[in-house]
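The structure appears below as structure tokens.
The values are calculated or read from the model by the stated rules, or taken from the named source; none is laboratory data. Computed from a predicted structure; not experimentally measured. Cβ atoms come from the backbone with ideal geometry, glycine included; neighbour counts cover every protein chain shown. Side chains are part of the model used for accessible areas, which takes the heavy atoms of the whole protein and leaves out ligands, DNA and RNA. Shrake-Rupley method; radii C 1.70, N 1.55, O 1.52, S 1.80 Å.
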Amino acid sequence: MDLINYVKDNYDLILKLTGQHISLAGIGVLLACAVGIPIGFLIVNHKKLSKVVVNIANIIQTIPSLALFAFAMPLFGIGSPPAIFALFLYALLPIIKNTFIGINNVDPAIIEAARGMGMSKTQIMFKVEVPMAISVIMGGIRIATVTGIGITTIAAMIGAGGLGQLIYQGLSMMNYEMIFTGAISSALLALLADFILGMLEMKLTSKGIVKEETI
Amino acid sequence: MISLKGVSKSYNQQTKVVDDLNLEINDGELVVLVGESGCGKTTTMKMINRLIEPTSGDIFIDGKNIKSLNKNELRRNIGYVIQNIGLLPHQTIEKNIATVPLLCKKDKGEVKARVHELLDLIELPYDIYASRYPRELSGGQQQRIGVARALANNPDIILMDEPFSALDPITREQLQNELLKLQVELHKTIVFVTHDIDEALKLGDRIAVMADGNILQYDTPENILKHPVNDYVEAFVGTDRLWKTPDMLKAKEVMNKKIIKIGADRPILHAIELMKEHDTNILIVVENASSKSSKMLGILGINRLKGVSNPATKVRDIMKVDVIKIPQDMSLVEVLNIRKENGIQYSPVMDVAGNIIGIITNTSIINVLTDIVPDKEEY
Ligand SMILES: Nc1ncnc2c1ncn2[C@@H]1O[C@H](COP(=O)(O)OP(=O)(O)OP(=O)(O)O)[C@@H](O)[C@H]1O
Ligand SMILES: [Mg+2]
């Protein structure tokens, strides 16, 4: 009951922090898409390069998130820029990897048939590879988004705001309502984002393609 | 006309995958490239639509060197069918068939009409199949769509790389027959790759037997069978393959199609006349000889007539009734076994509906076998 009262009383603050949270995670993931999807495409035809890139992205993924935020500070100062940078780096791996896997898994026979019919490279990319890989690529974006929304809570520690702020302030004030509000909102946000992206994925994926589960 | 002049392909300096190949394919001709795995069939074919570029030599289509043509334009004017079918899984059948015409920016209405026409041609009704996705079709249907797609832009030339080899034998045979039927109507110039000599013999107007990147013999199926140029070709086409695998010979292939029917109530005098007239020892006895669908009641061999003194005796009274009928697709081996076990001389062959369509006799078997095995020795 206290929780409900807390939410009622701090409605504006929660909304503002949620907005910050969404824009931090959103910008991070969008940037990661803008960079990661083209990289995923580029490395498909380069076996060695693809290994290097995926390894680098793997290594980034293993850096504890708190440490990554801290490392970003000397480069970008405090506030949202280092937070967005760290979120961007985190989102990169699932997006590159899934794009790579999605495109790489397109049956070579189909590419061959497409070439044989006289499709240009660009036509093959947009008419064959992307539509066939879209659900796997979207899968990567979903993972990046859900983890990104979770990790964004840490951004508050370097002064970027977001729902994490409620958690840290709550912790220092021993205000459980505050902590729960921050944690629950962030979790709900992740679920909602996943749901919306899931709908989008369904819309983008042709009915002719049976979705394969990927990690 | 397609001509390959001195075409070679090598991936490294040492081995030539295709070695100084010359090949002329006339308009409207179905040419089969056949040979063992790795002999360079696919490579040869793909050089025609420039999926592979030759290391040396030139290829001309209607006198034009294809090097001088735009690759994608060239490919849009050559139908291409591959073993793995390669339909675009995310597109409907309609869109799949329409791929090339749409790439060529043809009028949408015309393209739709064309898809309709092609689906009719391959006997998959538009209303049922056009909006389906490839995975909602059987393998055989998918490959039919593959063929329709290759025809969509109405190319003069079609390349087919083992298009039917992933299908089960029955479907494969169906599609082979359909291809032959289509070819009668459409007269395309078709280059067909297979490693299956039976398929080659069945489909090809001419067959190019390949080995190690060379064409050993380029000739009609009949000449390839009867006059193989060397031991390799002979072994490959296996003129004696029917001896080695008599399983491949079916009852309907060794039967004598000439069957003489006689009504059961006719006198044996008439039977003797019929045998003389048609130079045969055996008659099929039916209720009514003038009716096409009359059921077989028995058979009458010439030996049954011996010792019958009354020429007015009815055929019905002396015919053999417990006759073993042979299904048309039974293999020669089984037929021979049955004949041996039961000591039979005459074996009527029936089609699936049970109608008698021929008769196997010792003579018919020997005739067929001597036809198949060409004379090699001089006597
Ligand atoms: N990209 C390549 N690099 C090197 N060698 C190749 C390449 N493509 C094909 N070859 C070789 O060329 C030879 C001929 O290949 P090709 O695909 O033309 O054979 P094929 O007659 O079609 O055989 P199959 O019946 O198995 O399809 C093979 O020995 C193959 O290993
Ligand atoms: Mg091949």
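Assorted remarks:
- Applying the condition of being without any contact (Cβ under 8 Å) to a residue 60 or more places away in the chain and touching a Leu at 6+ places or on another chain (Cβ under 7 Å) to region A:124-147 and asking which residue is nearest to the other protein chains (Cβ to nearest Cβ) yields A:VAL128.
Matching residues to (1) within 12 Å of ligand 1 (Cβ to nearest atom); (2) more than 22 Å from B:ILE224 (Cα to Cα):
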residue: B:GLN14; (1), (2): yes, yes
residue: B:ASP19; (1), (2): yes, no
residue: B:GLU29; (1), (2): no, no
residue: B:VAL34; (1), (2): yes, no
residue: B:LYS41; (1), (2): yes, no
residue: B:LYS46; (1), (2): yes, yes
residue: B:ASN49; (1), (2): no, yes
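- Residue list for region B:152-179, restricted to those being within 16 Å of ligand 1 (Cβ to nearest atom) and within 12 Å of chain A (Cβ to nearest Cβ): B:LEU159, B:MET160, B:ASP161, B:GLU162, B:PRO163, B:ALA166
- Tallying residues that are open to solvent by less than 40 Å² (accessible area, probe 1.4 Å), more than 12 Å from B:GLU36 (Cα to Cα) and either charged (D, E, K, R) or within 16 Å of ligand 2 (Cβ to nearest atom) (or both) within region B:195-206 yields 2.
- Condition broken by B:ASN154, with the remaining ones in (1) at pLDDT below 90; (2) surrounded by fewer than 18 Cβ atoms within 10 Å (Cβ to Cβ); (3) assigned to a loop (DSSP other than H, G, I, E, B); (4) polar (S, T, N, Q) satisfied: (1)
- Selection count where residues are away from ligand 1 (no atom under 15 Å from the Cβ) and within 14 Å of chain A (Cβ to nearest Cβ), scope region B:51-69: 2
- Residues satisfying the stated conditions in region B:70-91, i.e. under 24 Å from the mean Cα position of the chain (by Cα), more than 7 Å from chain A (Cβ to nearest Cβ) and either open to solvent by 40 Å² or more (accessible area, probe 1.4 Å) or within 15 Å of ligand 1 (Cβ to nearest atom) (or both): B:VAL81, B:GLN83
- The set of residues from region B:3-61 being within 16 Å of ligand 2 (Cβ to nearest atom) and charged (D, E, K, R) comprises B:LYS9, B:GLU36, B:LYS41, B:LYS46.
- Residues that are at pLDDT below 95, within 9 Å of chain A (Cβ to nearest Cβ), more than 22 Å from A:ILE209 (Cα to Cα) and touching a strand residue (DSSP E or B) at 6+ places or on another chain (Cβ under 8 Å) occur in region B:137-151; there is at least one.
- Inter-residue pairs, beta-carbon under 6 Å, first open to solvent by less than 90 Å² (accessible area, probe 1.4 Å) and in region B:306-324, second basic (Lys, Arg) and assigned to a helix (DSSP H, G or I), 6+ apart: B:ILE318/B:ARG304
- Boolean, B:GLU24 is farther than 24 Å from B:GLN143 by Cβ, open to solvent by 50 Å² or more (accessible area, probe 1.4 Å), part of a loop (DSSP other than H, G, I, E, B) and of a type outside the set (Lys, Arg): no
- Residues that are open to solvent by less than 20 Å² (accessible area, probe 1.4 Å) and within 9 Å of chain A (Cβ to nearest Cβ) within region B:92-106 comprise B:THR99, B:VAL100, B:LEU103, listed in sequence order.
- Residues in region B:255-271 that are among the β-branched types (Val, Ile, Thr) and either in contact with a Lys or Arg (Cβ under 9 Å, 6 or more places away or on another chain) or open to solvent by 60 Å² or more (accessible area, probe 1.4 Å) (or both): B:ILE268 alone.
- Among (1) in a strand (DSSP E or B); (2) under 20 Å from B:HIS195 (Cα atoms); (3) open to solvent by less than 20 Å² (accessible area, probe 1.4 Å) - the single one B:VAL17 does not satisfy: (3)
- Residue within region B:94-113 that is away from ligand 2 (no atom under 16 Å from the Cβ) and closer than 27 Å to B:LYS16 by Cβ present: no
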